[in-house]
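For reference, the structure is listed below as structure tokens.
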Amino acid sequence: MLHLYDLLVAPFAEFGFMRRALAGCLALALGSGPVGLMLVMRRMSLMGDAMSHAVLPGAAIGFLVAGLSLPAMSVGGFVAGVLVALLAGLATRFTGVKEDASFAAFFLMSLALGVLIVSKSGSNVDLMHILFGSVLAVDSAALVLIASVASLTLTTLALIYRPLMLESLDPVFMRAVGAKGGLWHLLFLMLVVLNLVAGFQALGTLMAVGLMMLPAITSRLWAHSVGGMMLTSVGVAFASGLGGLLLSYHFELPSGPAIILLAGVAYLFSLLFAPVGGALPRYIRSRHFEQ
Amino acid sequence: MSVVLENLTVSYQRHPAVHHVSGEFADGEATAIFGPNGAGKSTLLKAMVGALRPDSGRAVMSHRRADIAYLPQQSEIDRSLPITVEDLVLSGLWHRSGAFGGVGRDGRMRVAEALATVGLSEFARRPIAALSSGQFQRVLFARILVQDARLILLDEPFNAVDAKTTYDLLALVRRWRAEGRTVIAVLHDYEQVHAYFPYTLLMAREVVAWGKTETVLTDANLRRAVERAAHWQDRAPVCRVDGEAA
């Protein structure tokens, strides 16, 4: 038993930074899991990716103004993300460009601008920090931010769940009854950006979206109901966080990629074995009884 | 109560799908919208419920928004979402509940009654992904029942639906007529129109004929509708019909 203790518990018992990282992972999982699931259900899986890149120039400008300051970089990232979402939304509304194409165009501009700003004014180390983050560097202030975002996310999602879901299901009907689809959509996109901003301190802008999407996509293979899916995605995200931190501790791996890769392993496993959508159970079910 | 189209024009990329359509739907009656593919039938309905913006003209309805029920084509609905039949039908109470309000016990009762009417009482807790096309169309009709609207707009309600289901749902249309509701439906089946819809709007982007079904659906009118629908031109000149003066 002592062995298991050393393997699983000791790292957290001994080091404060590991405990904070674990708490951060739990908060991130609680916020990002459900938001990612709504993205999947709205067929916007790649939108999270786009938004995570869009955040970069804002974070970079925040970095320029105030150095490696969490509030400045978070506010900058949030503003940049929401700006890209607004511009892309407006372009879709007033031109013939489809929403996904419009998002692609604006996030690419935003990303290029971000890389430009960082490379003109910072060292490579800074760029690496913004792109890849470090969950082990999560301090108390960052923890408060991540936890606040998670609370706000869950509360807001609970409030706008009905219109958001119905809008994904049957947009024309919702327009016919006069529901303001655009408003809910925008609120939801703000939640997406908020969660990415919360995630990038810990995981970096590139990896934050991984914790949002991989557990969410995995969860659709395990559950029938939305509630079940949300619980599964939070569970998978947190388990990946826990496992990734331990892997990172014992094998001296960077924690962000370790966490996301573990979520990826969970996804690959689920593809084969998950009861609802997995390949093997589907194959077995397809061999139906005679009567 | 009245439903009037005033010189309505709706275009896609400047090509009118609905072109200077004017007229009034018979109040408390069932009107079929009939015409060849691409005649602008679905576009007309969408413009009426405000899902598309007209280039000019307007649809004037004396009904409150809550008194208009609209059935979109099935292809517009994402049936893969993990929602139960009951939740979908409950969305028919949007005007009462809005985004945040409750539906109450009588709301749930209405949903149960509606599901019983369309013969799907056992299905309330099933996910919509598990339904056949015909069953799903019954669910959408149940949602209309729950909406309890005076004006009911149906866009191709019987596509991909088997004969028995079509028959059952047409019985509902007959019941709505008997209750004095106005029903307007885009249809493709000549026999259905004759049997269940006393009035018909025959259109091919423009009105070909509009009135009592037996006077509208004549061979000559139908031929004219097909001819007009075929006249699509890539370089059509800009339309000079002055909407406001007409």
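Just so it is clear, none of the values below were taken in a lab; they were calculated from the coordinates. All figures in this text were calculated on a predicted structure; none of them were measured in a lab. Glycine also receives a Cβ, built like all others from the backbone with ideal geometry; neighbour counts cover every protein chain displayed.
Figures for the structure shown
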quantity	calculated
Prolate/oblate/rounded label for the range B:79-149 (Cα gyration tensor, a/c 1.5)	prolate
Per-residue Cβ neighbour rank within 10 angstrom, fewest leading, B:Ile77, A:Ile260	B:Ile77, A:Ile260
Most mobile of B:Val118, B:Val60, B:Val208 in a GNM of chain B (Cα contacts under 10 Å)	B:Val60
Net charge over other residues, Cβ less than 14 angstrom from the Cβ of B:Gly98 (K, R count +1; D, E count -1)	+3
Cα gyration tensor shape for the protein assembly as shown, rounded if a/c is under 1.5, else prolate or oblate	prolate
Sorted peptide list for B:48-58, A:7-17, B:26-36, criterion being average Cβ within 10 angstrom, highest first	B:26-36, B:48-58, A:7-17
Residue order, fewest to most beta carbons within 10 Å, for A:Leu70, A:Leu194	A:Leu70, A:Leu194
Choice from B:Gly23, B:Gly134, B:Gly104 showing the highest fluctuation, given a GNM over chain B with Cα pairs closer than 10 Å	B:Gly104
Cβ charges +1 (Lys, Arg) and -1 (Asp, Glu), total dipole of chain B, debye	380 debye
Choice from A:Val97, A:Val35, A:Val177 showing the highest fluctuation, given a GNM over chain A with Cα pairs closer than 10 Å	A:Val177
Amide hydrogen neighbours beyond the local backbone of B:Ala17, cut-off 5 Å, H modeled	B:Val10, B:Ser11, B:Tyr12
Check: the range B:79-149 dipole with +1 on Lys, Arg Cβ and -1 on Asp, Glu Cβ, in debye	100 debye
Using θ = phi - 60° and Karplus 6.51 cos²θ - 1.76 cosθ + 1.60, couplings along the range A:225-242 (whole Hz; Gly, Pro as x)	9, 4, x, x, 5, 4, 4, 4, 5, 5, x, 5, 4, 5, 4, 5, x, 4
Averaged over B:76-84, number of beta-carbon atoms from partner chains that fall within 10 Å	6
Percent of beta bridges antiparallel (DSSP, chain B, rounded to nearest 5)	55 percent
Counted charge near B:Trp176, where neighbours are those whose Cβ lies closer than 12 Å (Asp, Glu -1; Lys, Arg +1)	+2
Expected-Rg normalisation [2.2 N^0.38 Å, Cα atoms] applied to the range A:135-265	1.18
Prolate/oblate/rounded label for the range A:159-225 (Cα gyration tensor, a/c 1.5)	oblate
Peptide ranges B:146-153, A:137-144 listed from the most packed, as the mean C-beta count within 10 angstrom indicates	B:146-153, A:137-144
Theoretical ellipticity at 222 nm over chain A - DSSP helices of four or more residues, -39500 (n - 2.57) apiece, nearest 500	-27500 deg cm²/dmol
Under 5 Å, built H, 5+ apart or other chain: amide partners of B:Ala209	B:Leu202
Residue-by-residue Karplus 3J(HN,Hα) for the range B:75-85, coefficients 6.51, -1.76, 1.60, Hz, glycine and proline x	5, 7, 10, 8, 7, 7, 5, x, 10, 8, 3
Nearest 10 degrees, 0 to 90: helix B:133-147 Cα axis against chain B principal axis	90 degrees
Considering only the protein assembly as shown, percent of DSSP beta bridges that pair antiparallel, nearest 5	55 percent
Shielding of B:37-49 by partner chains, average beta-carbon count, 10 Å	1
Estimated vicinal HN-Hα couplings, Hz - the range A:174-186 in sequence order (Karplus 6.51, -1.76, 1.60; Gly, Pro = x)	5, 5, 5, 8, x, 6, 7, x, x, 4, 5, 4, 5
For B:Tyr199, A:Tyr161, A:Tyr5, order by how many other beta-carbon atoms lie within 10 Å, fewest first	A:Tyr5, A:Tyr161, B:Tyr199
Charged-residue dipole, Cβ positions (Lys, Arg, Asp, Glu), the range A:2-274 about Cα centre, Debye nearest 20	660 debye
Per-residue mean of C-beta atoms belonging to partner chains within 10 Å, peptide B:61-72	2
Nonlocal amide H pairs with B:Ile33, under 5 Å, H built at 1.01 Å	B:Ala185, B:Val186, B:Leu187, B:Leu201
